[in-house]
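Written out below as structure tokens is the structure these notes cover.
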Amino acid sequence: MKKLLCGGTVINVFTDEMEKANVLIEDEKIIGVGQYTPDDADIVEDVTGKYICPGFIDGHIHIESTMLTPTELAKLCLPHGTTAIVADPHEIANVCGVKGIEYMLDASREIPMNVYFTLPSCVPATPFDESGAELYADDIKPLYDNPRVVGLAEMMNYPGVIFGDKSVWAKINDAINIGKTVDGHAPFLSGKALDKYVSAGISSDHECSDIEEALEKIRKGQKIMIRQGTAARNLVDLLPLFEEPYNHRCLLVTDDRHPADLMKEGHIDNIVRLAVKNGKSPITAIRMASIQAAEHFGIRYVGAVAPGYRADLLVLNDLDTVDIEDVYTNGEKVVSGKKTVEFSAPEINSDLQETVLNSFRLKELTLSDFHIEEKGEKCRVIEIVPGQLITKEKIEKINWNENNGIDTERDLLKLAVIERHKNTGHIGLGYINGIGMKSGAMASSVSHDSHNIIVIGTNDNDMMIAANHIRQFGGNVVVENGKIVAQMALPIGGLMTDLSGEEIAKANENVRNAVYNFGVPKEIEPFMNMAFVSLSVIPSIKMTAQGLVDVDKQERISLYCD
């Protein structure tokens, strides 16, 4: 069956040109771009006055961080023009190991949005983490046999690379020897240390938050993934990368994006729109959002409107606003007149389903679990940086006589990270600044990357109730005066739900707004920011189930300063 898109203007990502041309599709493939006529096709679509461009590719995303299954994520992303994603399943792998990765492969089979994977490189992320599994090179190597596995995911353990950790290097060498891409994650790494890291074959980075860091990494051969997610929004600071000679070395990614934001703002189309709004070329942005991601991961014949390429196409009403009318994937129209064609989730292996639905193993928590023992006058406090994943260290004088050191007037709240995979009883306790909550507590089982239970609160009782609720149901919860104010259950590994995008987006908004009502400023996404407070690979100070970690020095540190 041949289809002809007739009368449109084609965006050529090889030359950055626009040309009037008709596009002929047969089955999954584009077989012609040029002066074809209705006589050449069985079906003709009139797209006169519209633009035809390749579908967008998110080059780095964690599906689990959207809280949606792959099917429900596809239903949200397809109307925004995302026809393929490259997902790193290290969230579910930290909870369920290899079976978690297999679950994601199973759950993303044969859905209209093409889902590729990179294999988790750091499970757990660091030696300071307590995850539900440990994955070594021999554990993940067999998964490369799956044709949708395109590389080794973000190598967060840059000290392991630099100082020659054999386990780390085994994973890198396996990927390179098989001919797969190795992605990076090395915030602020520069100079000789960066040279060592890049020379290992690590070809990208998505953690750049300023232009100088990005330019150094480009000059040393890396590709930069320009990230605009929910918590980390780096686009504005990296806008110079949309200019020559840098734009050919860049991809557009979301990394972590909540469903409410997907529905309200969009996906990769939102990044393209924001770039254009800031004066950048829409054609350049579309190229960065399509062919450059495909080429980076060696996904052949994807990402362009050209003969022989897979027919993943967008029909746009307007170029600057990225107003998407129709979407084609694998030659089939999956969004027509802005409405997504219905499709079902694939059937999932029952053993894998059982594994991901039973991931909590810890005792019921008591008030004493949240009490911090008085040992000194001053403590190290984690300070949130709005719009960033990085945190700073503050030294604060603690008033032990009131509320066990919590002081809402100074925005000193209590923080707890509770191990939930193996019932070790380990709980990291401390203080956090920059959240702004005046009442209640919030808790989540989304706590990167080990996904233990994380709680922030203004009193121990609300923290205990919130944590015990998460222990039973997973997800996000907000508690005030001992009562649950808002909740969002995430039963799949404590990370995802099979609810629709609309349903989970509503629940997402409810828990977020509940915390805003407690005084959290709107420039902070409270649950996303909280989720990264325990990620001990992003500077400079984080909390794990075993206590505080100085990320820069890669060592545990005391809460107390005296």
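The values are calculated or read from the model by the stated rules, or taken from the named source; none is laboratory data. Source: prediction; values computed, not measured. Backbone-built Cβ (ideal geometry, glycine too); neighbour counts: all protein chains shown. For accessibility, only protein heavy atoms count, side chains too; no ligands or nucleic acids. Shrake-Rupley method; radii C 1.70, N 1.55, O 1.52, S 1.80 Å.
In Å², and per residue, what accessible area does segment 357-492 have when probed at 1.4 Å with the other protein chains present?
For segment 357-492, the solvent-accessible area averages 39 Å² per residue.
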Euclidean distance between Cα centres, segment 360-389 to segment 204-231, Å: 32
Table column - 3J(HN,Hα) (Hz), segment 445-462, Karplus curve with 6.51, -1.76, 1.60, x for Gly and Pro: 9, 9, 8, 5, 9, 7, 6, 7, 7, 10, 9, 10, x, 9, 7, 5, 5, 5
Heavy-atom accessible surface of segment 371-447: percent carbon and sulfur, 1.4 Å: 40
Cα gyration tensor, segment 212-257 - rounded (a/c under 1.5), prolate or oblate: prolate
Accessible surface of segment 1-153, 1.4 Å probe, proportion on carbon and sulfur as whole %: 46
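Of all trypsin sites (Lys or Arg not before Pro) in segment 263-360, which ones are in loop regions per DSSP and have a Cβ with at most 14 other Cβ atoms within 10 Å?
Qualifying residues, ordered by number: 300, 338.
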Carbon + sulfur, % of accessible area of segment 452-562 - ligands and nucleic acids excluded, 1.4 Å: 45
Rounded, prolate or oblate (a/c below 1.5 giving rounded, otherwise prolate when a/b exceeds b/c) for segment 1-135 by Cα gyration tensor: prolate
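Say R0 is 22 Å: what FRET efficiency, to the nearest 0.05, do residue 498 and residue 341 get from their beta-carbon distance?
0.65
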Pairwise centroid distance, computed over Cα atoms, of segment 308-353 with segment 86-142, Å: 25
Debye intensity ratio in log₁₀ form over the Cα atoms of segment 246-314, taken at each q of 0.16, 0.18, 0.21 Å⁻¹: -0.61, -0.76, -0.98
For segment 182-302: lysine pairs under 28 Å (alpha-carbon distance), excluding those fewer than 8 apart on one chain: 13
Within straight-line cross-link reach of residue 394, lysines at Cα separation under 25 Å, skipping those fewer than 8 residues along the same chain: 375, 378, 414, 438, 522, 542, 553
Cα radius of gyration and Dmax for segment 367-470 (Å): 13.2, 37
Largest to smallest principal axis extent of the C-alpha atoms in segment 287-403, angstrom: 71, 42, 31
FRET efficiency, residue 560 to residue 264 (Cβ-Cβ, R0 51 Å, nearest 0.05): 0.75
Whole-number accessible area per residue in Å² for segment 237-324, which is evaluated in the context of all protein chains at 1.4 Å: 31
Label zone at residue 332 (point 7 Å along Cα-to-Cβ), backbone N below 19 Å, segment 60-91: 70-85
Percent of C-alpha pairs per 20 Å bin, the chain, short to long: 22, 54, 21, 2, 0
Between segment 524-540 and segment 1-67, the Cα center-to-center distance that results, in Å: 40
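Checking the a/c ratio against 1.5 first, then a/b against b/c, what shape does the Cα gyration tensor give for segment 445-505?
Taking the square roots of the gyration eigenvalues as a ≥ b ≥ c, segment 445-505 is oblate.
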The chain - mean residue ellipticity at 222 nm from DSSP helices (-39,500 (n - 2.57) per run, n ≥ 4, rounded to 500): -6500 deg cm²/dmol
Per residue solvent-accessible surface (Å²) - segment 81-194, probe of 1.4 Å: 32
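Kindly provide the GluC sites (Glu not before Pro) of segment 290-397 that DSSP labels as loop, not H, G, I, E or B, and whose Cβ sees at most 13 other Cβ atoms within 10 Å.
On the way: sites: 295, 325, 332, 342, 347, 354, 364, 373, 374, 377, 383, 393, 396; in loops: 342, 347, 364, 373, 374, 377.
The qualifying sites are 342, 347, 364, 373, 374, 377.
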Pair residue 167, residue 195: separation of 7 Å Cα→Cβ label points (nm): 2.9
Pairwise label distance in nanometres, residue 522 with residue 461, each label 7 Å out on the Cα-Cβ vector: 3.3
Efficiency of FRET from Cβ geometry, residue 35 and residue 395, R₀ 56 Å, rounded to 0.05: 0.20
